[in-house]
Each structure stands twice: as structure tokens, then as C-alpha cells.
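Trainee: Dumping the structure here so I can ask a few things about it.
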Amino acid sequence: DGHVYSGTSAKPANEPGVFYKINATSGEEMWRFETEPYVEGPRDIYTSALLGDDGSVYYASEDTYLFVSDAETGELIEAINPVALQEGREEDRGTITHSSPTMISGGTMYLGAFYDVFEDCTGDEAEENPGSVIHRGAVYALQTSSTGLANSPWPKYRGDIKNTGRVR
């Protein structure tokens with residue numbers, strides 16, 4: 001769509017991460033979104049954006065939140081914590097999202113994350129995880145309002161649904 005979408009690191013740690021839409025030709029900042037401290041912990045945005053065919057842009061922050069913004073205006077549509085959606089799970093402060101979202105036709109989005117579970121460890125886990133911390137990972141499937149990727153030369157990380165890494 002002639003724009004670059006990019007996130008930044010929150011430095012110092014008490015500052016928000018920032019996600020930008022930039023005009024690819026002029027370099028002009030079109031809009032920015034600053035993360036809020038939804039949970040204690042990092043708010044960096046390391047993921048690549050995904051453009052949905054409904055005009056939404058999807059991106060995740062290091063504190064596990066998946067943000068949905070209007071790609072044209074930057075207005076926040078929704079902030080989703082997929083970890084909190086799991087039955088019986090509480091929001092974990094140790095949760096990190098570095099994976100970029102991907103989407104299949106029909107609008108199902110997939111997002112990977114890893115998180116720390118604070119519990120009593122036994123045996124080998126206790127030796128590998130001092131301080132009673134176990135590292136776990138998950139892939140979340142979320143239904144979106146999009147029906148698929150935007151009709152764009154580069155709607156997501158690795159380019160297209162087949163991950164060819166090539167512009168059409």
C-alpha cells in the first residue's frame with residue numbers, strides 16, 4: 001500500500017513501545033501508536049505487521065498484547081491478550097511475544113508466544129529452572145474480522161500466504 005509499518009523498542013523500560021506507519025516514498029510519519037503498560041513488563045514491538053483485507057493492521061508487543069489498528073488512521077480498534085483468553089490462565093508478567101502474526105484465508109490469525117510459569121519445579125526442571133520458573137510456549141489461533149490478507153505486495157512477514165519472501 002506504499003507504506004512501511006514498523007515498531008520500536010521501549011527504552012528506557014518505563015517508556016512505551018511505538019508502532020509507526022511511514023510513507024515509503026517521502027519518509028513522512030503518517031501515524032504512530034504508543035503502547036501502554038497493560039501489564040508490568042516490556043512493551044517493545046519486535047513483530048512485523050500484518051495487513052488484513054478489512055483495512056486493519058495487526059501487530060504484537062513484547063507483553064503479549066496483539067493490537068488491531070485501523071491501517072488508514074492508526075486508531076486502536078482492539079488490544080487482545082491471548083494468554084488471558086485461555087481458560088484457567090492468568091496474565092503472566094513473564095510473557096513475551098517476538099513472533100509475527102500470520103493469517104490464513106477465512107481470517108484465522110496465528111501468533112506464537114512464550115511465557116514463564118511460576119510454580120514449584122521438581123527433578124530436572126528444578127535444576128534447569130532455578131527460582132521455580134518453567135518456560136512454556138504456545139501458538140494462539142484467533143478469529144479476526146478480516147477474511148484474509150490485504151491485496152498488497154507485502155501484507156505480512158515473508159510476503160505472502162506461501163511465505164515466498166517475494167513481491168508479486
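The values are calculated or read from the model by the stated rules, or taken from the named source; none is laboratory data. If you're wondering where the values come from, they're calculated on a predicted model, not measured in any experiment. Don't worry about glycine lacking a Cβ; one is built from the backbone with ideal geometry, like all the others, and counts go over all protein chains shown. When the accessible area is computed, the model is the full protein with side chains, heavy atoms only, and any ligands, DNA or RNA have been set aside. Shrake-Rupley method; radii C 1.70, N 1.55, O 1.52, S 1.80 Å.
Trainee: Can you work out which of the residues in segment 16-36 that are surrounded by 16 or more Cβ atoms within 10 Å (Cβ to Cβ) and assigned to a loop (DSSP other than H, G, I, E, B) is modelled with the lowest pLDDT?
Mentor: Ranking the qualifying residues of segment 16-36, first place goes to Pro16.
Trainee: Further question: State which residue pairs qualify: first residue under 21 Å from Ala113 (Cα atoms) and part of a loop (DSSP other than H, G, I, E, B) and inside segment 46-57, second residue of a type in the set (S, T, N, Q) and open to solvent by less than 10 Å² (accessible area, probe 1.4 Å) in any location, beta carbons under 9 Å apart, and separation of 6 or more residues or different chains.
Mentor: Short answer, once both residue conditions are applied: Tyr46/Ser61; Tyr46/Thr97; Thr47/Ser61; Thr47/Thr97.
Trainee: Scan segment 108-129 and tell me whether some residue there is part of a loop (DSSP other than H, G, I, E, B), modelled with pLDDT of 65 or more and open to solvent by 20 Å² or more (accessible area, probe 1.4 Å). Can you show your working first?
Mentor: Taking segment 108-129 and keeping what is part of a loop (DSSP other than H, G, I, E, B), we get 119-122, 129.
Okay, now just the ones that are also modelled with pLDDT of 65 or more, so none.
No, every residue in segment 108-129 fails to be part of a loop (DSSP other than H, G, I, E, B), modelled with pLDDT of 65 or more and open to solvent by 20 Å² or more (accessible area, probe 1.4 Å).
Trainee: Among the residues of segment 77-92, is there at least one that is in contact with a Lys or Arg (Cβ under 6 Å, 6 or more places away or on another chain) and at pLDDT 80 or above?
Mentor: Looking through segment 77-92, none of the residues is in contact with a Lys or Arg (Cβ under 6 Å, 6 or more places away or on another chain) and at pLDDT 80 or above.
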